[in-house]
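Q: Encoded as structure tokens, here's the structure I'll be asking about.
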Amino acid sequence: MPASYAYLGPEGTFTEVALRTLPEAATRELIPYVSVQSALDAVRAGEAEAAFVPIENSVEGGITTTLDELVAGAPLMIYREVLLSITFALLVRPGTKLSDIKTVSAHPAAQPQVRNWLRKHLPDAHWESAASNADAARLVQEGQYDAAFAGEFAAARYGLEALETGIHDAENAQTRFVLVGRPARPAAPTGADKTSVVLWQRDDHPGGLRDLLGEFATRGINLMLLQSRPTGAGIGNYCFCIDAEGHISDRRVAEALMGLKRICLQVRYLGSYPRADVQPAEVRPPRLGTSDEEFVAAADWVARCQDGRF
């Protein structure tokens, strides 16, 4: 397989900046793709060793384009994750003033992160979505839009100026990126790991989601992401994307996955990999009240209440 990494391009995206923080990126050819889908398809087709794409941000949660691509199609697996602090600059062609701006563009995930700033400073500007923030900058360069929200580092690449910098609605906003490859043996546990899965229910019934989550809760496993995504089979049909603390080699995690495999229509394992924040899992004791002895004692108490012996 080629020693190359695909990533959401074009050049100058936050994705490229995050990718270059990985030591192994220095030994790979980095190839920009026009969309998350095309980057992941390059891996499925054997055109790239792995793809690097955004999957979650701290303002809006999971990035649905990436989640949907991991849910559908040939299975892929997450190898690594990177967290990147995000702040935007308003990039314009040289000489453009704030009063000249009638159209702005960026990736859809950027809009919630600059919405309040936009409402305050450019209330009449029309928003147009782009494939990426860097692509929005390219479209500004070509004259299609007046301004783009992108990283300040993209200005020089596209011959633009940063009219405003440090733009963000939420302090300490971060985006999480993942390195995705074809299925393989997970890396050895580090003690600070995360496991990702997608779950499909057998049928829609009261307490169905509780049943799924109970497999984690009874084993003291904390969840870090829970997001429903439509399956395409009709209104009300959803699967669930979950990130859980721990590694598949941890007994509690393995047992939870076995429990889910028994009760779910389908379980897609997306990998166990090191956490970017290097925080070890806080192993919580299982819920109280789930042992055989406690069930017997509770049943005996109910029987005594029925007999008036409480």
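The values are calculated or read from the model by the stated rules, or taken from the named source; none is laboratory data. The shown structure was predicted, so the numbers you read here are calculated from the model rather than taken from an experiment. Glycine gets a Cβ as well: all are built from the backbone with ideal geometry, and neighbour counts include every protein chain shown. Ligands, DNA and RNA are stripped out before the accessible areas are found, and what is left, the full protein with its side chains, is counted by its heavy atoms. Shrake-Rupley method; radii C 1.70, N 1.55, O 1.52, S 1.80 Å.
Q: If the cut-off is 22 Å between C-alpha atoms, which lysines fall inside it for residue 97, apart from same-chain ones fewer than 8 positions away?
A: Correct list for residue 97: 120.
Q: Additional query: Based on C-alpha coordinates, I'd like the Rg and Dmax of the chain, in Å.
A: 23.3, 87
Q: Treat every Asp and Glu Cβ in region 1-134 as -1 and every Lys and Arg Cβ as +1, leave all other atoms uncharged, and give the resulting dipole magnitude about the Cα centre to the nearest 20 debye.
A: Once rounded to the nearest 20, the dipole reads 580 debye.
Q: Please name which of 65, 45, 254 has its Cα lying farthest along the dipole of the chain towards the positive end, using unit charges on Cβ (Lys, Arg +1; Asp, Glu -1) and the Cα centre as origin.
A: 254
Q: While we're here: Taking the mean number of other Cβ atoms within 10 Å as a proxy for protection, how do you rank 104-111, 23-30 from highest to lowest?
A: Most protected by this proxy first, the peptides run 104-111, 23-30.
Q: Then there is this: Tell me, in nm to one decimal, what length is gained between residue 97 and residue 211 on full extension, where the rule is 0.36 nm per residue of separation less the Cα-Cα distance?
A: Full extension from residue 97 to residue 211 adds 35.4 nm.
Q: Here's something else I'd like to know. What is the extension gain from residue 188 to residue 223, computed as 0.36 nm multiplied by their sequence separation minus the C-alpha to C-alpha distance, in nm to one decimal?
A: Contour length minus the Cα-Cα distance gives 10.5 nm.
Q: Under the 0.36 nm per residue contour assumption, what length would be gained going from the current alpha-carbon distance of residue 251 and residue 279 to full extension?
A: Contour length minus Cα-Cα distance gives 8.2 nm.
Q: Using Cα-Cα distances under 8 Å and only pairs 6 or more residues apart, what relative contact order does the chain have, in percent?
A: 20 percent
Q: Also: What distance in nm separates the two pseudo spin-label positions at residue 17 and residue 168, each 7 Å out from Cα along the beta-carbon direction?
A: My value for the distance between the label points is 1.0 nm.
Q: Scan around residue 174 for amide H atoms under 5 Å from its own, H built in the peptide plane at 1.01 Å from N, and keep only partners 5 or more places away or cross-chain.
A: Result for residue 174 returns 58, 59, 86.
Q: With +1 on each Lys and Arg Cβ and -1 on each Asp and Glu Cβ, and nothing else charged, work out how big the dipole of the chain is about its Cα centre, in Debye to the nearest 20.
A: In total the dipole reaches around 360 debye.
Q: Another question, if that's okay. Could you tell me the relative contact order of region 192-247? Use alpha-carbon pairs under 8 Å, at least six residues apart, and round to a whole percent.
A: 51 percent
Q: Using θ = phi - 60° and the Karplus curve 6.51 cos²θ - 1.76 cosθ + 1.60, what whole-Hz ³J(HN,Hα) does each residue of region 139-153 get, with Gly and Pro shown as x?
A: Result, ordered by residue: 5, 5, 4, 7, x, 6, 10, 7, 8, 9, 8, 7, x, 4, 5 Hz.
Q: Sticking with this structure for a sec: With θ set to phi - 60° and the Karplus curve 6.51 cos²θ - 1.76 cosθ + 1.60, what are the ³J(HN,Hα) couplings of region 233-242 in order, to the nearest whole Hz, using x for Gly and Pro?
A: These are the phi-based 3J(HN,Hα) values: 8, x, 4, x, 9, 10, 10, 10, 8, 10 Hz.
Q: When the accessible area of the chain is split by element with a 1.4 Å probe, what percent falls to carbon and sulfur?
A: Answer for the chain: carbon and sulfur cover 52 percent of the accessible area.
Q: Once every DSSP H run of n ≥ 4 in the chain is given -39500 (n - 2.57) and the sum is divided by its residues, what mean residue ellipticity at 222 nm do you get, rounded to the nearest 500 deg cm²/dmol?
A: Taken over the chain, the calculation gives -8000 deg cm²/dmol.
Q: How would you rank 198-210, 58-70, highest first, on the average number of other Cβ atoms within 10 Å across their residues?
A: Result, highest mean first: 58-70, 198-210.
Q: Shifting gears a bit: Quick one: what Rg and Dmax do you get for region 1-48 from the alpha carbons, in Å?
A: For region 1-48, the Cα radius of gyration and maximum Cα-Cα distance read 10.0, 26 Å.
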